[in-house]
Amino acid sequence: MNILIIEDDPRIADFLGRGLRAEGHRVELASTGPQGLEAARQAAREVAAGGAPVVLILDLMLPGIGGLEICQTLRAEGAALPILMLSALGSVEDRVAGLRLGADDYLAKPFDFEELLARLESLARRGRDWTPATPSRLVVADLVFDRERMQASRAGRPLALTARELALLELMMSAPGRLFSRERILANVWGASEDPLTNVVDVYIRRLRAKIDEGCTPALIHTVRGLGYRLEAPG
């Protein structure tokens, strides 16, 4: 298995890392909430691109961003990662909170390593065929895209976007921070019918900028010269 562990206790992280590697698994460690969330997002992007499944071991109490918030964020973004939540808080209320926010399983500390292995193996089997629900709302900073209504707004202000502009915005908001080449945007938004040498992508990016970024802070649409475009909030 490919396993991402987000755990701030170095003793537990080292114990888990050594034990799981000894069982033949590939392990990545993150020790803070923000570091772990970014690592989980990267893992989810790789899985979505056809990479090997990844199981996430997520501690509840983390510095920076708590485990419940990480779990909720990943599920809102549609991350295809089975999540096993660990916590010293073993009450029914804690377990229910984690499961309701999208965790697939919950294990209270201290735990038996053999039980941990069995739970991970079960999650990995489910994860091979698991497809996340598509989130109905995409959010980047104060920019919101409602997929059910096909409407977008920034800072609560509705944006008047054409169908093609909405399709382009949805594509970029579905993977915040991902660099989209002009070729990829053409293939996803216009399909194979559009001439790959056309400047239509640049034209529509300028239109989106005028409607989304002008007069607003921070700017969300960024150009990477010679490579393409990305949509993300600073930090």
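The values are calculated or read from the model by the stated rules, or taken from the named source; none is laboratory data. For clarity, every value in this text was computed on a predicted model and none was experimentally measured. In this analysis, Cβ positions are derived from the backbone assuming ideal geometry, glycine residues included, and neighbour counts consider all displayed protein chains. Accessible surface areas use protein heavy atoms only, side chains included; no ligands, DNA or RNA. Shrake-Rupley method; radii C 1.70, N 1.55, O 1.52, S 1.80 Å.
Brief remarks on what is shown
- Other residues lying with their Cβ under 15 Å from the Cβ of residue 21 contribute a combined charge of -2, Lys and Arg counting +1, Asp and Glu -1.
- Cα long-axis angle, helix 33-48 against the chain (0 to 90 degrees, to the nearest 10): 70 degrees
- MRE, 222 nm, helices only [DSSP H, n ≥ 4, -39500 (n - 2.57), over the chain, to nearest 500]: -12000 deg cm²/dmol
- Degrees separating the helix 163-173 axis from the principal Cα axis of the chain, which is the longest one: 30 degrees
- Taking a Cβ cut-off of under 14 Å around residue 5, the surrounding Lys, Arg, Asp and Glu residues balance to a net charge of -1, with basic ones at +1 and acidic ones at -1.
- When Rg and Dmax are taken over the Cα atoms of the chain, they come to 20.1, 60 Å.
- Sorted largest first by accessible area at a 1.4 angstrom probe radius, with every protein chain in place, the residues 148, 232 fall in the order 148, 232.
- Accessible area per residue, Å², the range 6-116 with all protein chains present, probe 1.4 Å: 48 Å²
- Take residue 106: with every protein chain present and a 1.4 Å probe, its accessible area is about 20 Å².
- Axis of helix 200-212 versus longest Cα principal axis of the chain: the two differ by about 80°, to the nearest ten degrees.
- Ranked order, 27, 139 - accessible area, probe 1.4 Å, largest first: 139, 27
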